[in-house]
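Data block below; observations after.
The values are calculated or read from the model by the stated rules, or taken from the named source; none is laboratory data. Bear in mind the structure is a predicted one, so any value in this text is a computation, not a measurement. Neighbour counts are summed over all protein chains in view; Cβ atoms, including those assigned to glycine, are modelled from backbone coordinates with ideal geometry.
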Amino acid sequence: MHSHVYPTSFGLKVSVQIVRDTEEDIAYVDVIAPMYMNKHWRMSHCYSSSMFNDYQILKDSDFIRVMFSHYPSDREY
């Protein structure tokens, strides 16, 4: 397994760690949120490692939907 950590624009100091299990062809997304009560959690859905690179995961609509549901924006549009 290998992983990379990326900062996000969601919440306060929230980052994500994409953990790849190449034997199982799965990429998990772990959320790291040190300023919140739930400091570390894993998204309930995962991605195919062979079909999604890290950039595609970070831009995926399911990823964005889950992040917005946990860390709603306080900005007005």
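Summary table below
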quantity: Unique match (being closer than 15 Å to TYR6 by Cα, exposed (fewer than 12 other Cβ atoms within 10 Å of the Cβ) and not polar (S, T, N, Q)) among LYS59, LYS39; calculated: LYS59
quantity: Of residues in the range 9-29 being in a loop (DSSP other than H, G, I, E, B) and over 14 Å from the mean Cα position of the chain (by Cα), the one farthest from ILE57 (Cα to Cα); calculated: LEU12
quantity: Residue that is surrounded by the fewest Cβ atoms within 10 Å (Cβ to Cβ), among those in the range 1-36 that are in contact with a Lys or Arg (Cβ under 8 Å, 6 or more places away or on another chain) and among the hydroxyl-bearing types (Ser, Thr, Tyr); calculated: SER3
quantity: Residue among HIS70, HIS2 that is within 12 Å of the chain's Cα centre (by Cα) and not aliphatic (A, V, I, L, M); calculated: HIS70
quantity: So ASP54, is it closer than 18 Å to MET1 by Cα, modelled with pLDDT of 95 or more and acidic (Asp, Glu); calculated: yes
quantity: Residue match in the range 64-74 (condition: assigned to a helix (DSSP H, G or I), out of contact with any Leu (no Cβ under 6 Å at 6 or more places or on another chain) and charged (D, E, K, R)); calculated: yes
